[in-house]
Every structure is written in structure tokens, then in C-alpha cells.
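Worksheet: the structure to be examined is printed underneath.
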Amino acid sequence: MIEQFRSLYGEDRQPRFYRAPGRVNLIGEHTDYNLGFVLPIALDMACYVACAPSSDGRIHVHSLDRREGFDFDVDLRNAIPRKNWTDYVIGVAQGLARRGVEIRPMNLALHSDVPEGSGLSSSAALEVSSAFAFLDGRDFDKLEIAKLCQQAEIEFVGMPCGIMDQYISVFGRKNRAIEIDCRSLQHRAVPLPENVAILAVNSMVKHELASSAYADRVNECRAAVDQIRRVHPQVASLRDAKVEYLDEAGLTGTLKKRARHIITENERVEQFLVASERGDLAEMGKLFVGSHRSMQFDYEITCEEIDFLVDAALSIDGVFGARMTGGGFGGCTVNLVEPEKAPAFERAIKQAYQARWGVDPPVFRCLPSEGAGQLPGRE
Ligand code: ADP
Ligand code: MG
């Protein structure tokens, strides 16, 4: 990256580097924008941004992965989206500017090893690493960074996402999962049992309708809350609802199913944490499967390839549980596997998927890693 940065910008100075990780969510899917609970881990896959002051008074942003760059005026207060990947970067810079941070003329070059659109949150990794680069060492509240990155994705990119992806990218911890309370925006770092491997399998499916279907789910949850409030006025979000409220409020059909997923999913996060503390891997696996079935039949955000990966995993020896992770309609599954059986699992799941779909699915071990920060400089 140093060499590419130098040749791109005709620089011989050393750029500074900032890193922000992608994530795998263990359990608690679509609960974040319903102000409930999630349990992600930050990955060792991350977005890296190299940066140094520019000499022409402008901001230059280059994606080494896309081999393309764009430049921008430093006055971003009224910038409008260009409808490409730079929106994630510029939306964040605008958010910082609107909070009083001076945006300086800069050259930026980024590279990410978080696969795009695979449910591992390459978007938040890009946003958070960009925020760190624009701040370039200046002190700024970490929670505010997560919040303004989320706001950039909602308002500048146009994706009505929750806070989980940006939050875990900022606050991830090595060897810990992070339970986030998406209402109080507090978190706690929790150790996981040592005798389990967490393996992600990438279906390689990217559904075009994912972002409109995501917005539909956000709206359906809102509509369900409106209806529940007529009977239980204290319910401000589905976080506050109980399963019995659904019939009491006369919810039926789609809205009932959507709300039931969120309510039961929040319960599963808490149950998963209790099981994890006891080291009860069988129970953790059962909760994984319960979460998946709820996404499959109630929230209806899975797809055939993903359901296949889960069902195939559950028939492989040494697997405690499997579920889709991330926003849905493709992306990855996450699997809890006996560590000694992990290599055999990888072979078996690859073979099964290849035979059915003609695609070799990447499999990787998820090792909980640190959240965003500056990389130590080196020459
Ligand atoms: P996910 O966050 O699950 O990976 P999203 O659709 O939310 O999927 O974000 C993917 C988008 O993020 C890409 O379409 C692209 O605009 C942007 N992005 C991610 N990584 C890079 C990269 N290395 N270079 C340029 N843009 C990137
Ligand atoms: Mg994303």
C-alpha cells in the first residue's frame, strides 16, 4: 500500500494508516434498528486507509481494490451523493464537518480485505476507517464516530441501517464478542467458550433487492409497533414488546411474523449469552438454528443457497449450530464447530455446496479482533 500510495500521489513521504474491521454477528439479526440486542465479533479482515496531506487543497480518494479515484472540494457541508462507493467516505467526512471537525486537504488510498456485499460489513469498515483518516489523530468521542458513520450510511448513502456494524467496527475487542444494547448504546465484552471454532461460509450470493427489502423490514417493524401501541402504549419499539402482545393487538399475517422474529430474536441473544457463560455448546447451537428458522420463515430474509448451507452444515459431524449472519438475502452463514472437526467441516461444506450450486464457497475462521485504530508506522 505504501508503494501504491506513493506512485499514485507522487509522494515520497510516509502515509499514516488507519484500520477498521468487518464483523460477523453471532446472534441478534435485525434487532439493532429495533433498539434491541446484538452479539457481533470484529474480524481480522479490515479496511485500511493510507493518508497524507495533499498539496492542491483538495481531497483525493482512491480505492486500490476498484482501481479508481475521485476528488472533492474540502468544503463538504453541502456535498451531494455521487451514487458510488465514495458516498460512504464523503458522507462520513460531511458528518465530521457538521460536528465542527475541520476537514483538511488530503490524499487517501484505501484497500479492504472484507469481501463486499457478503454480510461482513465492508461498508462500515470503509466508513469507520475513513472517519479515523479524516480525524488523523485528533481526539473525538468513539461512540460519536459510530453514530455519525451510521448516520452517513442512512442519510448520504440511503441505507436505513442500524448501529451494529459501525459500533462493532469501533469497539471490537480481541478474543471477545461484544453485546450491544442498541437502545442505551452501552456494550459489554464477553469471552466465548474456548472449545469451539467459529467458521463463516460465504454463499457468494449478492441479492440486488437486498437494500429495498431491508427498508421494507424497517417499515414493517414500525407498522407493527404502531399497532401494538394501541393496546400497550408503553411500547416505543419492538424491544419493549412481548410475544403475547401480538395477538392482543390483533396482529396477523406478515406484520405478526416480522414482529415475532424481532421479539424472539432478542430473547435468543440473552439465552445465548447464558448458555455461552455455562459453556453449553449444544444449547448455543440450538439457539443458532432457532435464529435461522426465524429469519427463514418469519422475517423471510434468507434465500435458497443460504438455507442449503445451514441444512448441509447441520448434517455434518461436529457442528453445534449454523445460521445466516448479516442483513440477509445472501452473504455468509456462521457455524459453531468442534475445533478438531473444523478441517473436515470445511471440506464437507465446500463439496456439498459445489455439487448443488457449482460454486466454491470461501470458508474462514472468525477470530475476534480489535476495533478501529491507527496502525503503528513503519518505513
Ligand atoms: P456489506 O457491508 O455487507 O459488505 P454493503 O452493500 O453494505 O455490503 O456495502 C458494500 C459497498 O461498500 C460496496 O458496494 C462499495 O460501495 C463499498 N465498498 C466496500 N469496500 C470497498 C472497497 N474496498 N472499495 C470501494 N468501495 C467499497
Ligand atoms: Mg453494509
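The values are calculated or read from the model by the stated rules, or taken from the named source; none is laboratory data. Predicted, not measured: the structure shown is a model, and the values here were computed from it. Methodologically, a virtual Cβ is constructed for each residue, glycine included, from the backbone with ideal geometry; neighbour enumeration extends over all protein chains shown. We work out accessible area using only protein heavy atoms, side chains counted, and drop any ligands, DNA or RNA first. Shrake-Rupley method; radii C 1.70, N 1.55, O 1.52, S 1.80 Å.
Restricting to segment 104-137, and then to whatever is within 9 Å of ligand 2 (Cβ to nearest atom) and on the phi > 0 side of the Ramachandran plot, can you tell me which residue is modelled with the highest pLDDT?
121
If you take the residues in segment 56-94 that are touching a strand residue (DSSP E or B) at 6+ places or on another chain (Cβ under 7 Å), away from ligand 1 (no atom under 12 Å from the Cβ) and among the acidic types (Asp, Glu), which one is most open to solvent (accessible area, probe 1.4 Å)?
73
Consider segment 95-122. How many of its residues are within 16 Å of ligand 1 (Cβ to nearest atom), aliphatic (A, V, I, L, M) and in contact with a Leu (Cβ under 9 Å, 6 or more places away or on another chain)?
Final tally of qualifying residues: 4.
Tell me whether segment 101-113 contains one or more residues that are more than 27 Å from residue 57 (Cβ to Cβ) and in contact (Cβ under 8 Å) with a residue 12 or more places away in the chain.
yes
What are the residues in segment 201-233 that are in a helix (DSSP H, G or I), of a type outside the set (A, V, I, L, M), modelled with pLDDT of 95 or more and open to solvent by less than 70 Å² (accessible area, probe 1.4 Å), if any?
Across segment 201-233, the qualifying residues are 217, 220, 221, 227.
Being free of Cβ contacts under 8 Å to residues at least 12 places away in the same chain and either open to solvent by less than 60 Å² (accessible area, probe 1.4 Å) or small (Gly, Ala, Ser) (or both) is the filter here, so list the residues in segment 322-361 that pass it.
The answer is 355, 358.
Can you pull out every residue in segment 159-171 that is open to solvent by 20 Å² or more (accessible area, probe 1.4 Å), at pLDDT 95 or above and more than 10 Å from ligand 2 (Cβ to nearest atom)?
Of everything in segment 159-171, just one residue is open to solvent by 20 Å² or more (accessible area, probe 1.4 Å), at pLDDT 95 or above and more than 10 Å from ligand 2 (Cβ to nearest atom), namely 171.
Across segment 164-186, what is the total count of residues that are within 23 Å of residue 48 (Cβ to Cβ) and outside any helix (DSSP H, G or I)?
Counting residues in segment 164-186 that are within 23 Å of residue 48 (Cβ to Cβ) and outside any helix (DSSP H, G or I) gives 6.
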